[in-house]
There are 4 protein chains.
Amino acid sequence: MAETPQPKMNEAQLMDFMREVFQQVADDFNVEEVKANEVTMRLKIAERHLRPGGTVSGPSMFALADVAAYIVTLAMIGPKALAVTTNCSLDFMRKPKAGVDLIATAKLLKLGRQLSVSHVLVYSEGMAEPVAQATMTYAIPPVSG
Amino acid sequence: MAETPQPKMNEAQLMDFMREVFQQVADDFNVEEVKANEVTMRLKIAERHLRPGGTVSGPSMFALADVAAYIVTLAMIGPKALAVTTNCSLDFMRKPKAGVDLIATAKLLKLGRQLSVSHVLVYSEGMAEPVAQATMTYAIPPVSG
Amino acid sequence: MAETPQPKMNEAQLMDFMREVFQQVADDFNVEEVKANEVTMRLKIAERHLRPGGTVSGPSMFALADVAAYIVTLAMIGPKALAVTTNCSLDFMRKPKAGVDLIATAKLLKLGRQLSVSHVLVYSEGMAEPVAQATMTYAIPPVSG
Amino acid sequence: MAETPQPKMNEAQLMDFMREVFQQVADDFNVEEVKANEVTMRLKIAERHLRPGGTVSGPSMFALADVAAYIVTLAMIGPKALAVTTNCSLDFMRKPKAGVDLIATAKLLKLGRQLSVSHVLVYSEGMAEPVAQATMTYAIPPVSG
């Protein structure tokens, strides 16, 4: 069997890259841990992520899943590519707990030349059962000259 | 064949309801038109919806599709229910045009007792081809007492 | 605005092509009508497509949606490409009617160099409301030589 | 934290139930292993599951994912309910290996009163990387009486 490829970027390098390309939102997130084909990301909950009652909004959960899938792809291919989301499927399964951050774990299931495919589980920090699952596909642009 | 049911809420009533329950974000949206099983919604693009280069962010497109599916469900069942998104699938097909609003058209394909299912097409205003499509499922809570 | 491109294959050419490449299942299907970016397909229901009670099985509905998205892609790019399904999302909304064929209408929403994206509605013949909706993504292999 | 609930049906009971309700297709499948919130299923590949070149067809992969999600739901709620698929999202990631069975592992992520949500990974037997992933939602009918 082929050896598992190792990440080409670590936590700090991924944060730096994210601050460069997603300046507006990078500070909302933290790369908690990078492993082979897997990353853990945190969404630092602020007022703007909430719905009435204090629960995290759907768009904020989508944003976290999207960023986690992006970061796990980037970790494995390195900082040169500009991948874009092409498809996403989301199941909202439980109401997020009020007043705590969201934690997402993204697993890279396929890294092809054109597409990466991930599975993401989103948790309210400290809860055992996920609040959402997502499957994400990113298109990886062809390498130019 | 059964007659097509008519909407129970018009544009102004839906905007009022949205301002009540989604105070934080209601002003981002406008209900443009309500027909039987169909609504058209506008996302009024502001700085916070953008990515570098001026294109609308993924979470903003998700938010618009989600709200459009919610509003088309609400239009047909009336203001009493508190529906929640359970599933969403999104295809991001084209880069939104910089500097223009997004327009979404949501069609209600099924309105059952427990679930509503919609198909949403999202356009950059003035463009003929959609930037995204979404399928959305909402769970409709059982009527109490 | 750009002119709408016209199909490169008609109903008979698409049936011939399908018989060549999907010999085992081609006779289950019929290409009913081809228009610009749209095809209508029939699944001729036989015993093997049914579940107890006479309703059409989930895999048969998936197969029809998949073939319809394939055929609408092929109609627009011509017979040379060997596209493969990469992603599919399906909503099963109503029980198909017993004893009648299924009819699917596939609309091509995007035809890029690498991906095609479609939306498919599946009906029991003679019913006004769809039994299922599907979104399908096909990967189009790079042109060689 | 709540204790993990244990399955209410074992491998043999699930096979018996499947033979009763899905007589036409039950012999294609085998329940390999049942654990808390997880089942492993086998699709015994026969000629009718194949495409030219010997690869397993898309509808056969869908059928396996669908049955695996059904069985993991049934294992946890017991034989009384008649759950139906409402939503499915599938990523086809690799070509299945010719001449070997498919193995699916389904994890139950949510078991609510109305809906069950699962994540399924599908493998060609003996391969380390999945050929497909699926997310499946089943509607669980209200208990009558």
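The values are calculated or read from the model by the stated rules, or taken from the named source; none is laboratory data. Since we're looking at a predicted model, the values are computed, not measured. Neighbour counts run over all protein chains shown; Cβ positions are idealised from the backbone, glycine included.
Applying the criterion of being of a type in the set (A, V, I, L, M, F, W, C) and modelled with pLDDT under 95 to the residues of region B:46-73, the residue that is farthest from B:ASP101 (Cα to Cα) is B:LEU50.
Scanning region C:39-60 for residues that are more than 14 Å from every other protein chain (Cβ to nearest Cβ), of a type outside the set (Ser, Thr, Tyr) and assigned to a strand (DSSP E or B) returns C:VAL39, C:MET41, C:ARG42. Taken as a whole, the condition of being assigned to a helix (DSSP H, G or I) and aliphatic (A, V, I, L, M) does not apply to B:VAL31. For region A:76-97, the condition of being away from chain D (no Cβ under 14 Å), in a strand (DSSP E or B), within 16 Å of the chain's Cα centre (by Cα) and surrounded by 17 or more Cβ atoms within 10 Å (Cβ to Cβ) holds for none of the residues.
From the list C:ALA104, C:ALA63, C:ALA36, pick out the single residue that is touching a residue at least 12 places away in the same chain (Cβ under 8 Å), at the interface with another protein chain (Cβ under 7 Å from one of its Cβ atoms) and aliphatic (A, V, I, L, M).
Step by step, each of C:ALA104, C:ALA63, C:ALA36 is checked, and only C:ALA63 is touching a residue at least 12 places away in the same chain (Cβ under 8 Å), at the interface with another protein chain (Cβ under 7 Å from one of its Cβ atoms) and aliphatic (A, V, I, L, M).
Using the structure shown, decide if B:ARG113 is at pLDDT 95 or above and within 14 Å of chain C (Cβ to nearest Cβ). No: the conditions fail for B:ARG113. Among the residues of region A:6-31, those that are hydrophobic (A, V, I, L, M, F, W, C), away from chain B (no Cβ under 14 Å) and crowded, with 16+ Cβ neighbours inside 10 Å comprise A:MET9, A:LEU14, A:MET15, A:VAL31. Can you tell me which residue is surrounded by the fewest Cβ atoms within 10 Å (Cβ to Cβ) among those in region B:32-45 that are over 14 Å from B:PRO96 (Cβ atoms) and out of contact with any strand residue (DSSP E or B) (no Cβ under 6 Å at 6 or more places or on another chain)? It comes out as B:ALA36. The set of residues from region B:131-145 being surrounded by fewer than 22 Cβ atoms within 10 Å (Cβ to Cβ) and either within 10 Å of chain C (Cβ to nearest Cβ) or assigned to a loop (DSSP other than H, G, I, E, B) (or both) comprises B:ILE140, B:PRO141, B:PRO142, B:VAL143, B:SER144, B:GLY145. With respect to C:VAL72, determine if the residue is within 30 Å of B:ASN87 (Cβ to Cβ), surrounded by 13 or more Cβ atoms within 10 Å (Cβ to Cβ), touching a residue at least 12 places away in the same chain (Cβ under 8 Å) and under 12 Å from the mean Cα position of the chain (by Cα). Yes, satisfied.
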